[in-house]
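Scroll down for the structure; my scribbles are underneath it.
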Amino acid sequence: MPETLSYTESELVALLKQRTQAAFSYLYDNYSGALYSVVLSILQDKELANDVLQEVFVKVWRQIDQYDPGKGRLFTWLVNISRNASIDTLRSKSYNAQKQIRELTETVYTAAGSINTETDKIGLRKIVNLLKEEHKILIELAYFQGYTQDEISKLLNIPLGTVKTRLRSALIQLKDFLKK
Amino acid sequence: MDIKEYIQSGIIEQYVLGLADPDEVAELQLLRNEYPELHEAISDFEQIFEETIRANQVQPPVFIKSAVEKQLFASTRGGERRNCRKSKSDKRKG
């Protein structure tokens, strides 16, 4: 399907507010791959990611009026909705039940070979994996698992100030990798 | 406020990735209106972030698009109008 039309973010937002199916179609075609990688990198489970991606697009459709361009790009907003929806799922009961089953199966597989090598290559994880361990852990907990800085401080038993400093320096490192 | 130092502190990355605390977000919003160079630095990082995510994108299974379209457009001719009652029918919890 060749896509000849190309809209700027503000044009797209205006079209979405008119709620036409064509606007939805354009949004989906141009953003689903990126958003799916975000969801998948957090959930690391295709079935769940499929459900959450649907949920994300429904949410975006319903909440487009809440998007404020003064606070950032449409893309950033979409990624944050995707990340939040994924983390909500991560915290939900049904996820935890499924995870237990999956971990049982994984133990069987890991003994035989690779399982995590595949999910480690998804989206932002690919880049985060280049960071040193101390930075990786903070981004894992904050970005991929959705813990607040306060929660991380309690979880790792290190002062909040240290968490803040370390998270920032992790992000500065990450930025250097993104630029490459 | 040394704005250059602030720009390089990592707060921009934290904000864009959605990892800043509410008070940090509020501060950044205030400063952003005051310092155009901060605003520009945020936009620059958002751009880099978008390019990276796009470069690593993963295509979802094809059925998802039509599944969402069905949910959003199939019910009435005019497409979905904010239908609060219907939104409860999230099927995920099961």
Inset, instruction - Please list, or write none, the aspartates and glutamates whose alpha carbon is within less than 12 Å of the alpha carbon of residue A:179, excluding same-chain residues fewer than 8 places away. - result: B:44, B:46, B:50, B:51
Legend entry - Partner chain coverage, peptide A:46-54 - average Cβ within 10 angstrom: 4
Legend entry - Buried area at the A-B interface (accessible, heavy atoms, 1.4 Å probe, summed, Å²): 4900
Inset, instruction - Two decimals is fine: what is log10 I(q)/I(0) at q = 0.28 Å⁻¹ for region A:139-180, from a Debye sum with one equal scatterer on every Cα and no solvent? - result: -0.95
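The values are calculated or read from the model by the stated rules, or taken from the named source; none is laboratory data. Predicted, not measured: the structure shown is a model, and the values here were computed from it. Using ideal geometry, Cβ is built from the backbone for each residue, glycine included, and neighbour counts are taken over all protein chains shown. Remember, those area values only see protein heavy atoms, side chains included, never the ligands or the DNA or RNA. Shrake-Rupley method; radii C 1.70, N 1.55, O 1.52, S 1.80 Å.
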